[in-house]
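Worksheet for the structure shown next.
Nothing in this text is a laboratory measurement; each read-out follows from the coordinates by a stated rule. No experiment lies behind these values; they were computed from the predicted model shown. Neighbour counts run over all protein chains shown; Cβ positions are idealised from the backbone, glycine included.
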Amino acid sequence: MFFKNPLEKYASSLSKNFTRAINGPYFCKSLKEISKAGYDDIAIQPSSEVYLVGKRDETEERMLNATLSDDQIFYRENGYLIKRNFIPDELIEEYMDLRERLQLGDAGFGTPVSYVEHPEIRRIALYPKLVELFRDLHGMDMGLLVTHTRHRSTERGWHPDGYLDAQDALPRAGVWFALDDIDPRSGPFEYIAGSHRWKMVSNQMLNTFLKPEYRWPQAHFGAKKGELTWGGIVEAIIDPIVMKKIEQENLVVESFCPAKGDILIWHGRLIHRGAVPEIRGLSRPSVIGQYVPLHEKGRGMFMRNSGGGFFLVRPALYDAVKF
Ligand SMILES: O=C(O)CCC(=O)C(=O)O
Ligand SMILES: [Fe+2]
């Protein structure tokens, strides 16, 4: 088959930003050159790891496994963990009532830090059993950084969330909370088990494909109006590379099609995406939370939630915090 642009081979399942990105002004390399890049051209061996996941020699491996719980061993090996029926119905109802009062429909709250103003979101995102589970899995307190509250697939292409962090940062984590039974045709969360132990997609290496004004971090935090953010632009590079890798190495793609109250926790280096929905406009009722190590330098100011757990608050938003 002939493709005008070799990346178009994967077009039917490519992220929604793909066409916009490759037709935009962002890249300093030609599309032909970009399409030749492989995973090793965008990834690097990370220097920091959570204790549980870190690779060890055979004896140490046996010592570690002898004391770990089944959940810890699963997370260590797979980079994700599913807990069924984890969030109580009352907390979900309370949050859905808030959305109803605000007449959100399937829309999000319009800001990734809506948890500052709405304790209903924090009661889910910082559910005490989850705060505890994070200590078990990451061996540290993880603070809430952002929440995605739109009831649709993000349609983000393949990526690890840790590509937004500094090279030597400790791994972050994400949690996918199902607020209802999720229809598999709504574009579920998809992931590649074990990919948290691959080399880590690096913002520095991705930057070499971009014109200076579109590089991380400035293009991540301050994208110009009408232009894609850094994450949206680099999807056009990462997405086809991961698809090629899936094809060449015969990797298994798993989908999370949860029931109400189920959660999936994923390690910040697990490769995942929000699938393109089979049926457009189908609701996907979920909250997605991103969490980072509380004690890591430069992460910002966290406040303690009433039931335990911590959430990031920019000092400018301090007056907006509600309990
Ligand atoms: O839409 C999805 O389920 C994927 C979301 C995602 O990639 C993220 O929140 O980090
Ligand atoms: Fe993500």
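Using the Cα atoms of the stretch 68-155, I'd like the radius of gyration and the largest Cα-Cα distance, Dmax, both in angstrom.
According to the Cα coordinates of the stretch 68-155, Rg and Dmax are 14.8, 45 Å.
In square nanometres and to one decimal, what's the mean projected area of the convex hull around the Cα atoms of the stretch 6-320?
So the mean shadow area of the Cα hull is 16.5 nm².
Could you calculate the contour length gain from ASP136 to CYS257, that is, 0.36 nm times the residue separation minus the distance between their Cα atoms, to one decimal place in nm?
Computed gain between ASP136 and CYS257 is 41.1 nm.
Add -39500 (n - 2.57) for each DSSP H run of 4 or more in the chain, then divide by its residues: what number comes out at 222 nm, to the nearest 500 deg cm²/dmol?
So the calculated ellipticity at 222 nm is -8000 deg cm²/dmol.
Out of ASP168, ASP180, ASP57, any idea which swings most in a Gaussian network model of the chain, alpha carbons joined below 10 Å?
ASP57
Between TYR127, VAL242, PRO212, whose Cα lies farthest towards the positive end of the dipole of the stretch 6-320 when Lys and Arg beta carbons carry +1 and Asp and Glu beta carbons carry -1, centred on the Cα centre?
Of the candidates, PRO212 comes out farthest on the positive side.
Test of understanding: in a Gaussian network model of the chain with alpha carbons linked when under 10 Å, which of GLN72, GLN248, GLN167 would top the mean-square fluctuation ranking?
The residue with the greatest mean-square fluctuation here is GLN248.
Set the Förster distance to 30 Å, then compute FRET efficiency between MET63 and ILE246 from the Cβ-Cβ distance, nearest 0.05.
0.30
Cross-link candidates for LYS224: which lysines have Cα within less than 25 Å, leaving aside residues fewer than 8 places away along the same chain?
Answer for LYS224, where 25 Å is the Cα cut-off: LYS16, LYS29, LYS211, listed by chain and number.
As an exercise, take the mean of 1/r over every pair of distinct alpha carbons in the stretch 211-323, invert it, and state the Kirkwood radius in angstroms.
After inverting the pairwise mean of 1/r, the radius is 18.3 Å.
Can you list the lysines whose alpha carbon sits under 16 Å from that of LYS245, skipping same-chain ones fewer than 8 residues off?
LYS9, LYS36, LYS199
Rounded, prolate or oblate, given the Cα gyration tensor of the stretch 198-268, with a/c below 1.5 counting as rounded?
Note, shape of the stretch 198-268 comes out oblate.
Please list, short to long, the whole-number percent of alpha-carbon pairs of the stretch 152-298 in consecutive 5 angstrom bins beginning at zero.
Bins of 5 Å from zero give 2, 9, 17, 20, 20, 17, 11, 4, 0 percent of pairs.
If you take every residue apart from GLN45 with its C-beta less than 12 Å away from the C-beta of GLN45, what net charge results, scoring Lys and Arg +1 and Asp and Glu -1?
Once positives and negatives cancel, what remains is +1.
May I ask you to list the lysines whose Cα is less than 26 Å away from that of LYS260, ignoring any residue fewer than eight positions away on the same chain?
Cross-link targets: LYS83, LYS129.
State the Cα centre-to-centre distance between the stretch 54-93 and the stretch 237-264 in whole Å.
19 Å
Of the listed peptides 304-311, 90-97, 288-295, what is their order by residue-averaged count of other C-beta atoms within 10 Å, with the highest listed first?
Sorting 304-311, 90-97, 288-295 by mean packing, highest first, produces 288-295, 304-311, 90-97.
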